[in-house]
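Colleague: Starting off with a structure, shown below.
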Amino acid sequence: MAVRAVGTAVRRPWRGLVPAALWERPRRLQHQGQPDHSDQPIQMENPYKEPPKRCVLCGINVDYKNVQLLSQFVSPYTGCIYGRHITGLCNKKQKEVTKAIKRAHVFGFMPVMFKNPSFLTDPKICNVKYPE
Amino acid sequence: MPRYELALILKAMQRPETAAVLKRTVEALMERGAVVRNLENLGERSLPYKISKHKERHRRGGMLKTTVWFPGSMMNVFFDRLRGPTFDCIDHDGSFRT
């Protein structure tokens, strides 16, 4: 109740005041000397908008037969599938890659415990940091 | 009928024998009411791991890939036939819907 009292005691001089640009004019003067709106901001799309972030595999079809592509996301020593924080792929593509790798393992396309030696010199996509 | 992709691994064989196996596979598929869309030979390569089947250890195999329209109910029947007395098919687990 004390708070209430304080609230009503404070004066609000801006209540009931309207900015000059929005004052209503009498009908007779409506079309005379309209305030200039040319300095108002123009509605437009943000010109500094960044393009949507894409991961490395965006737009590329991931297949269980494409063993070379899948081997890029696998450790060369143990054959483990790298996690999302290492590959840098988006949710969807990481899941697709994991499923394709597991499929390739079962179907006899891709080795399980190591990386195919012929793919060892492929460009590195994953940022693996080894402890020194 | 749903469309399936079938990946077969065959024993490492000479060209005419592979052709014969291909033919037999396609016939078996068509017998069970499949429509074979296309058939690809992915070549003979060394397998990623040794596969033991029919008391033999295989290190090399020929790979075949088929795209088929196949009635899903016939799936088990077809795989039984593959697992059966034919000694050419090493690994036939690769079949899934496209």
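Colleague: Being closer than 25 Å to residue B:60 by Cβ, surrounded by fewer than 16 Cβ atoms within 10 Å (Cβ to Cβ) and within 14 Å of chain B (Cβ to nearest Cβ) is the requirement here; does residue A:117 meet it?
Modeller: Values: closer than 25 Å to residue B:60 by Cβ: yes; surrounded by fewer than 16 Cβ atoms within 10 Å (Cβ to Cβ): yes; within 14 Å of chain B (Cβ to nearest Cβ): yes.
Yes.
Colleague: Only residues in the range A:53-67 that are within 14 Å of residue A:91 (Cα to Cα) count as the first member; pair them with residues that are in a loop (DSSP other than H, G, I, E, B) and among the hydrophobic types (A, V, I, L, M, F, W, C), Cβ under 7 angstrom, at least 6 apart or cross-chain, and list the lot.
Modeller: Final answer for the pair search is A:55/A:89; A:55/A:90; A:56/A:89; A:56/A:125; A:57/A:89.
Colleague: Follow-up. Looking at the range A:38-58, is at least one residue within 12 Å of another protein chain (Cβ to nearest Cβ) and either over 28 Å from the mean Cα position of the chain (by Cα) or part of a helix (DSSP H, G or I) (or both)?
Modeller: The answer is no, given that none of the residues of the range A:38-58 is within 12 Å of another protein chain (Cβ to nearest Cβ) and either over 28 Å from the mean Cα position of the chain (by Cα) or part of a helix (DSSP H, G or I) (or both).
Colleague: So, in the range B:47-70, how many residues would count as being in a loop (DSSP other than H, G, I, E, B) and either exposed (fewer than 12 other Cβ atoms within 10 Å of the Cβ) or within 11 Å of chain A (Cβ to nearest Cβ) (or both)? Give the steps one after another, and end with the answer.
Modeller: Our first condition is that a residue be in a loop (DSSP other than H, G, I, E, B); within the range B:47-70, this holds for B:54-55, B:70.
Next, from what is left, pick out any that are either exposed (fewer than 12 other Cβ atoms within 10 Å of the Cβ) or within 11 Å of chain A (Cβ to nearest Cβ) (or both): B:55.
Number satisfying all stated conditions: 1.
Colleague: Restricting attention to the range A:83-99, does a residue exist that is under 25 Å from residue B:6 (Cβ atoms), within 14 Å of chain B (Cβ to nearest Cβ) and out of contact with any helix residue (DSSP H, G or I) (no Cβ under 7 Å at 6 or more places or on another chain)?
Modeller: Looking for residues that are under 25 Å from residue B:6 (Cβ atoms), within 14 Å of chain B (Cβ to nearest Cβ) and out of contact with any helix residue (DSSP H, G or I) (no Cβ under 7 Å at 6 or more places or on another chain), one finds at least one in the range A:83-99, hence yes.
Colleague: Select from the range B:21-46 the residues that are more than 14 Å from chain A (Cβ to nearest Cβ), farther than 16 Å from residue B:4 by Cβ and either touching a helix residue (DSSP H, G or I) at 6+ places or on another chain (Cβ under 6 Å) or surrounded by 13 or more Cβ atoms within 10 Å (Cβ to Cβ) (or both) and list them in ascending order.
Modeller: The answer is B:21, B:22, B:24.
The numbers here are math on the coordinates, done by the rules we state, and not lab data. As the structure is a computational prediction, the values presented were derived from the model and not from experiment. Note: ideal-geometry Cβ built from the backbone for every residue, glycine included; neighbour counts use all protein chains shown.
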